[in-house]
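Report on the structure given below.
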Amino acid sequence: MSETLAVGAPEAPPQPPKRSPRAVTRLRLARLRDLALIPPIIALLIYGYTLKPDIFLTKSYLVDTVLKYQTELALLVLAEALVLIVGKFDLSLESIVGIAPAVAVFLVVGQTTALGAPWPTWTVLPVTLLFGALIGVFNGLLVVRFKLSAFIVTLAMLIALRGLQLAIVGGATISNLANRVPTIDNLGSLRILTVPLSIWIVVVAFAVGVVVLGYTRFGRSLYAVGGNADAARAAGIRVERVVWTAFIVAGALAALAGLMLSARLGSVAANQGNGMIFTVFAAAVIGGISLDGGKGSLVGALCGVVLLGLIQNVLTLAQVKPDQIQAVNGLVILVALVLARLTSGKAQD
Amino acid sequence: MSETLAVGAPEAPPQPPKRSPRAVTRLRLARLRDLALIPPIIALLIYGYTLKPDIFLTKSYLVDTVLKYQTELALLVLAEALVLIVGKFDLSLESIVGIAPAVAVFLVVGQTTALGAPWPTWTVLPVTLLFGALIGVFNGLLVVRFKLSAFIVTLAMLIALRGLQLAIVGGATISNLANRVPTIDNLGSLRILTVPLSIWIVVVAFAVGVVVLGYTRFGRSLYAVGGNADAARAAGIRVERVVWTAFIVAGALAALAGLMLSARLGSVAANQGNGMIFTVFAAAVIGGISLDGGKGSLVGALCGVVLLGLIQNVLTLAQVKPDQIQAVNGLVILVALVLARLTSGKAQD
Amino acid sequence: MAEDGSTPLVEAVGIAKRFGPTVALADGNLTVLPGETHALVGRNGAGKSTLVGVLTGLLRADAGEVRFGGRPAPPLGDRVAWRRHVACVYQKPSVVGDLSVAENLFLDRQPRGRWGLLSPPRLRRAATELLDSWSVPVDPDVPAKELTVEQRQLVEIAGALSHGARFVILDEPTAQLEARAIARLFDRLADLKKQGVTFLFISHHLPEIYQICQRVTVFRDARHIVTAPVAEMDHARLVEAMIGEARGLVQVGHDRPSVPPDTAPVLTLEAVGVPAVAEPVDLTVRRGEIVGVAGSVASGKRELAEAVVGLRPRTGRILVGGRPVRAASVPAALRGGIGYLPADRNSDGFVPGLSVAENATMTVADRLGPFGVVLPGRRDARGRRAIADLDVHTAGPRQPVGELSGGNAQKVVMARALARDPQVLVLVQPTVGVDVRSKESLLGVVDEETRRGRGALLVSDEIDDLRVCDRVLVMVAGRIVAEHTRGWDEAVLVAEIEGIGEKDV
Amino acid sequence: KDSADAPATGGGGTGAVGVDLPRADSDFWNAYAGYVTPKAAEVGVQVAGPTNSQNDVQKLISNVDSLVTQGAKAILMAPQDTGAIGPKLDELAQKKIPVVSVDTRPDSGNVYMVVRADNRAYGTRACEFLGEKLGGKGKVVEFQGALSSINGRDRSEAFKECMTQKFPGITVFEEPTEWEGSKAQAALETRLSTDPDIKGVYMQAGGVFLDPTLQVLKQRNRLVPPTDPKHIFIVSNDGIPQELDAIRKGEIDATVSQPADAYAQYGLYWAKQAMAGVTPKEGPTDHGSTVVKLPNGYEDQLPAPLVTKENVDDPALWGNKK
Ligand SMILES: Nc1ncnc2c1ncn2[C@@H]1O[C@H](COP(=O)(O)OP(=O)(O)OP(=O)(O)O)[C@@H](O)[C@H]1O
Ligand SMILES: Nc1ncnc2c1ncn2[C@@H]1O[C@H](COP(=O)(O)OP(=O)(O)OP(=O)(O)O)[C@@H](O)[C@H]1O
Ligand SMILES: [Mg+2]
Ligand SMILES: [Mg+2]
């Protein structure tokens, strides 16, 4: 030991003293990047406040008219984040949002005797999750085993599932669920400490997610695989298994999001979730998750979700003309991006 | 001996005859990958023939009911391919399809006096192209100069442009164009050697594209930049300029596609192009263009377009029940993918 | 030690591996005895790394079998089992760029803390210790992608050796390292060897073989040629086994005519500084002269080179053949007549997906046809010429460079630098990972080119490279501290490079 | 429950009517949007908003919330997803905020009044018209809307029912189009080449399908007067000005006029009544429609005249106004 140190001596000086301060700055930087969206978010909050000083910043308003409507999106972004971090794509999440609850509910209240329906109402939650997970298994199979492009596999899956849902429920909305399925009623209306259950679910999901991604080997291996699959494999990580797991978990999460959506709407629309995937990617990428894999944090992603939600809400408050609201929406997102870029100083990809 | 043949005696000055056979196999392989979609395409043709032996394989049928409806998609795929090969994303193409012709037509026939409208009808084509190119310049600016994520920039752009279009034309369809704008009438109904003009445009565009990508400095630099931007830069390629140019060309091509679509429909719907981008990516990726950049051929992409077009058409012919057509569509795409994968033997990404 | 000397620790028998049309390994045999340090040598493309891939369970061999301690190797899926048998430092960089150095060191074996969760503090502590014990001047919290090539190599070595595996493969570990780091590495290997660890050591620096190995195996043309104790293989026989012919190697540059001082300069740096790295430097390269720049990683020699070729912003003036070159523009530098060979071929040397010909002609794409047209015929012709000139071992001009062996890829990058027949070459570590014969030919090329009136700025710390130079400048901490003409003393040079001689300049 | 802590606003008296537009990208709804402001002046109510929910029930719900926070005392909406809006309606009912639903009839949840012309009636009318013109036999192409859209589905089902019952001799090709002109065009082209003897077309939305269809027919020179045996009978839906022009030119034969102006006018009218606390009476109204009782409210069934060459110039048609 001593003798190695001796050898190291000549140019050793730079290191030891430097390390600790460097580490600190680095940490600060990292955190900063996660929080790059805070400035735009604050800006929006202030603007909203000027619009409705009396109510905007009240808990009830923010919870009931802003956050409550972002819960499903948040779960979806969490799901997509997992897949993106491991370096893949999953577009089919959008359709899982629709079909998973549709199937589960259909088996319970649908006019059918297939598979011994009607099933008891308690089956709704497990069936939903299971169905979502199954789609994930299938995606994983095609991507991991058959080595097909994740993007195109999940896109085809998206189309197929949409169609399947139409075929099952015949394009009709399965409605009035709140009164027929207790699970859904609770999911939709239960409150804990005056905060809707859905919000708690999201909070818990993200808390767990942050811990898993940051403090478990599985979580870290997601980053490793996404960052450099070969290196990960060389280090003894079972790349295929990790990728596959990510797809499965994502599927289940998307299904849960779908059930929550149905619960809030008290129905399963034939096109439930349609077009959501764009917003999901927007939130994830704005939140700093890289499409190249291996980069990004859930905190950032959550910020992305909140940001989009606020933009929507504030624009409505500001009574932007209906035919201009979209244009403004897009511009605001761009501005938010530039803001985030400038504050974090990091190039995006 | 075959081994030594394979490796070759290193010190012997290379180019002994033995090298050529392998170079050939390599070529064959490459070509094979481009044509991986031929088998599924043939399968579909045969199936279509069994459905309508009398007419299916006639030129008039294939041209007028299959290809004619893929021309806009084809141009869009060409545009997206350029951007993907250089290693970026462009989602805004979908909205350019709508807004570029909308603006150009609006200035000619809209009830407005802004910018000294009404403009002469010949301006439609140039204005459309110019507008598309301008969007490209703007995308390039944000991606190249501000180093923002191409995906999210163009997504925001997509939203903003859709909104802008609504704001301009107020959501109304600008209709009855065929009788009001000669350019559009020609574009929509002119035929050369009994083949619609639009098809000729696509053929020329792809011919030029293949030549440029394969046999020009700019084209090759697209692959270099997409494959390893740093190496490209170190070799003196002006990375920023190349990327930027790709965005601009793509924008112009998308605009042209939009005009062709309007010409075919005889109108500019407020939501023209909506949702097309998914199909564009599907065709491109099925055709073997990699989302990671630096890989893929236009021939492959074109095959992707034809494949999707055939699937659509055959499904209509087969009179699949409306509520099942989508499901079948998705499944067929998946099957086609697996087929392509097996024949080409190449993993996709 | 558990193993008795008789049963080999590792055995590879008749390993064969094809990649598409290329036969990477036809008949790979290897027997490593417990406790020995076994050398594996061979020319670029001989199949060494391919064998490594098979020995570490990353490549599925088409034929042959691998045995550990007499028992057949575990199934490819079972990575954990493989890792128990063998640790490896791969030739291609295998770090996850966006993860911290610490995490890369302990990937998939991060220390756990409370509730079985990973504990970043412990991780950092463990990493710090490991790095300190190697005195690698690296902050464990920086993302691995921010490391220099040398640092990355050291980190990978430290990581691999810390697995506690009884068998460790090192595929060209010293290629990117400077003298002191290599010394430290060898000390460490000696320690571990005392503890009974067995090594498979791959290198193109034959002296190293004699320094640390007991037995050597030679591959040529994808097959096993000979295995013998190093004592029985003197340098000449070793080289003969590798290149398959009797004639030995010539010391390039020993017969270079000295360049008269009044020769016109071809490259002139006037107070050229690199912000935050190198202080203003004055330097001239005369026609027909090879000027070497030596120095440690921290010396800023590489950054200076990058500034010269326009990859970095710089201060001061640069003249090529008397004409000033605009700063911070590679195209301008190219047009000005500067050819460049970057230090890290994997990061900015070549485009893996593109063909040998295409990579080799990337700098002359504008000359492959009229009006920016690129004629494949002309490109492949140039490609073939490059393959011939530099003796690149490849299936042909159309093989993707990503499929080439490390050393052959390096030759393609060299071809790229020479393609535009520049007035002056800027070469950074040009012979990294290149086999003895190819090194001879590469340096031979530089020698040739400069005799024809070009100049060359050769940034390297490989003594062999520097021997070719007519003058050698030594950089320390961003300043030029010494200058030698041909015939310098190696010891002195090394001392200066390490910054010891600094004061007395 | 859900209304827990939302700003409680007592109903009754007059106040602003919160208006939400279902989508911004269709001609019909843009016409409707255009009528809102003038009709509001006519009827004499203030308008809060209007917001636009871009055919997304989620947006609709959050829009309604913010309209309420903007002080709307009644809501005028057109929920395109009639299943999903239920819970919100109940919530509004608890807040004593009456809701008038235009064009669609929510499956559940209380509404004060539904103002609509029956979409099923459109389908039946179109079917009867084609059936008679074709003399009960021949082939017909139907451009269906999005299968996930309630209106599209009602029209499709009614059309199919009527065809199978009254005109079994007629073959119907159902073409799903997702409301996309391009898809419709491709489908029509295919049918015309496989079955050149197509005799009729029912397009479920004039705005999107009119021009694309005419383009195809023109290029195949099938745009010929009804007297010509090659004539294809076309029934459209909505009654936008372009359709009326097309009828005058004889390019298409009929359209079902969906009264955009009446939608706006009586939507606002009933909203005003609601705020005044009036309970609607069943039976015929002063504006040529009838009010019927629903399980979850009332419905004012507006007439939806079939427009043909004969009555195309009727100034009462909204397509002929402005
Ligand atoms: N065709 C173009 N369209 C848009 N922007 C361009 C275009 N060409 C160049 N640019 C922008 O201008 C910048 C400077 O151009 P260029 O790459 O030529 O600089 P350079 O490397 O100094 O080359 P030169 O030696 O010709 O100045 C580019 O980095 C790019 O961002
Ligand atoms: N993934 C691959 N695809 C195709 N060919 C490959 C691939 N990897 C290696 N080869 C070929 O196999 C042969 C042996 O490669 P290998 O890397 O084993 O050589 P090496 O002995 O390690 O050379 P070096 O000393 O330069 O590292 C080379 O000709 C190379 O081109
Ligand atoms: Mg090697
Ligand atoms: Mg310039």
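The values are calculated or read from the model by the stated rules, or taken from the named source; none is laboratory data. Just so it is clear, the structure is predicted and the values come from calculations on it, not from any experiment. No Cβ is skipped: glycine too gets one built from the backbone with ideal geometry, and neighbour counts run over all protein chains shown.
Do the conditions hold for D:Ala146, that is, is it of a type in the set (A, V, I, L, M), closer than 29 Å to A:Ile99 by Cβ and touching a Ser or Thr at 6+ places or on another chain (Cβ under 7 Å)? Here the answer is no, as D:Ala146 does not meet what is asked.
Filtering segment A:261-311 to residues that are in a loop (DSSP other than H, G, I, E, B) and within 19 Å of A:Thr65 (Cα to Cα) leaves only A:Gly266.
Criterion applied to C:Arg287, C:Arg335, C:Arg323 was being surrounded by 15 or more Cβ atoms within 10 Å (Cβ to Cβ), within 16 Å of ligand 1 (Cβ to nearest atom) and either more than 14 Å from chain B (Cβ to nearest Cβ) or closer than 29 Å to B:Arg238 by Cα (or both), and the one residue passing it is C:Arg335.
Flag: C:Glu129 does not match the condition of being among the charged types (D, E, K, R), outside any loop (DSSP other than H, G, I, E, B) and within 16 Å of ligand 3 (Cβ to nearest atom). Each residue in segment C:402-430 was checked for being part of a helix (DSSP H, G or I), in contact (Cβ under 8 Å) with a residue 60 or more places away in the chain and not polar (S, T, N, Q), and 11 of them qualify. Against the test of being more than 9 Å from chain B (Cβ to nearest Cβ), at pLDDT 90 or above and in contact with a Phe, Trp or Tyr (Cβ under 8 Å, 6 or more places away or on another chain), the options C:Ala381, C:Ala417, C:Ala456, C:Ala386 yield a single qualifying residue, C:Ala417. Within segment B:204-239, if we keep just the residues that are in contact (Cβ under 8 Å) with a residue 40 or more places away in the chain and among the aromatic types (Phe, Trp, Tyr), the residue that is nearest to ligand 4 (Cβ to nearest atom) turns out to be B:Tyr223.
In a loop (DSSP other than H, G, I, E, B) and away from ligand 1 (no atom under 16 Å from the Cβ): is that true of C:Leu51 in this structure?
no
The residue that is nearest to C:Ser203 (Cα to Cα), counting only those in segment C:392-408 that are crowded, with 24+ Cβ neighbours inside 10 Å and out of contact with any strand residue (DSSP E or B) (no Cβ under 9 Å at 6 or more places or on another chain), is C:Gly407. Please specify each residue of segment C:15-59 satisfying the condition of being among the hydroxyl-bearing types (Ser, Thr, Tyr) and either free of Cβ contacts under 8 Å to residues at least 60 places away in the same chain or within 12 Å of ligand 2 (Cβ to nearest atom) (or both). If the condition is that a residue be among the hydroxyl-bearing types (Ser, Thr, Tyr) and either free of Cβ contacts under 8 Å to residues at least 60 places away in the same chain or within 12 Å of ligand 2 (Cβ to nearest atom) (or both), then C:Thr22, C:Ser49, C:Thr50 are the ones that fit.
Residues of segment D:262-291 that are surrounded by 12 or more Cβ atoms within 10 Å (Cβ to Cβ) and aliphatic (A, V, I, L, M): D:Ala262, D:Ala264, D:Leu268, D:Ala271, D:Ala274, D:Met275, D:Val291. Taken over segment C:176-210, the residue count meeting the criterion of being over 27 Å from C:Ala12 (Cα atoms) and either within 16 Å of ligand 3 (Cβ to nearest atom) or free of Cβ contacts under 8 Å to residues at least 60 places away in the same chain (or both) is 7. State yes or no: is B:Tyr49 on the phi < 0 side of the Ramachandran plot, at pLDDT 85 or above, exposed (fewer than 15 other Cβ atoms within 10 Å of the Cβ) and part of a helix (DSSP H, G or I)? So B:Tyr49 fits the description; yes.
For (1) within 14 Å of chain D (Cβ to nearest Cβ); (2) within 16 Å of ligand 4 (Cβ to nearest atom); (3) touching a residue at least 60 places away in the same chain (Cβ under 8 Å), each residue gets a yes or a no:
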| position | (1), (2), (3) |
| --- | --- |
| B:Trp244 | no, yes, yes |
| B:Ala250 | no, no, yes |
| B:Ala269 | yes, no, yes |
| B:Asn274 | yes, no, yes |
| B:Phe281 | no, no, yes |
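Taken together, the criteria exclude A:Val195 from residues that are surrounded by fewer than 19 Cβ atoms within 10 Å (Cβ to Cβ), farther than 29 Å from C:Gly77 by Cβ and more than 14 Å from chain D (Cβ to nearest Cβ). Across segment C:148-166, the qualifying residues are those that are outside any helix (DSSP H, G or I) and surrounded by fewer than 21 Cβ atoms within 10 Å (Cβ to Cβ), and the one among them that is farthest from ligand 3 (Cβ to nearest atom) is C:Gly164. On the given criteria, is B:Gly87 on the phi > 0 side of the Ramachandran plot, more than 16 Å from ligand 3 (Cβ to nearest atom) and buried (at least 22 other Cβ atoms within 10 Å of the Cβ)? Here the answer is yes, as B:Gly87 does meet what is asked. Residues that are within 26 Å of D:Glu142 (Cα to Cα) and either of a type in the set (Lys, Arg) or touching a Lys or Arg at 6+ places or on another chain (Cβ under 6 Å) (or both) were ranked within segment D:83-126; the one that is surrounded by the fewest Cβ atoms within 10 Å (Cβ to Cβ) is D:Arg120.
Restricted to segment C:60-73, and to residues there that are surrounded by fewer than 17 Cβ atoms within 10 Å (Cβ to Cβ) and away from ligand 2 (no atom under 15 Å from the Cβ), the residue that is nearest to the other protein chains (Cβ to nearest Cβ) is C:Ala63.
On the stretch given as segment A:110-139, residues that are out of contact with any Ser or Thr (no Cβ under 8 Å at 6 or more places or on another chain) and assigned to a helix (DSSP H, G or I) total 16.
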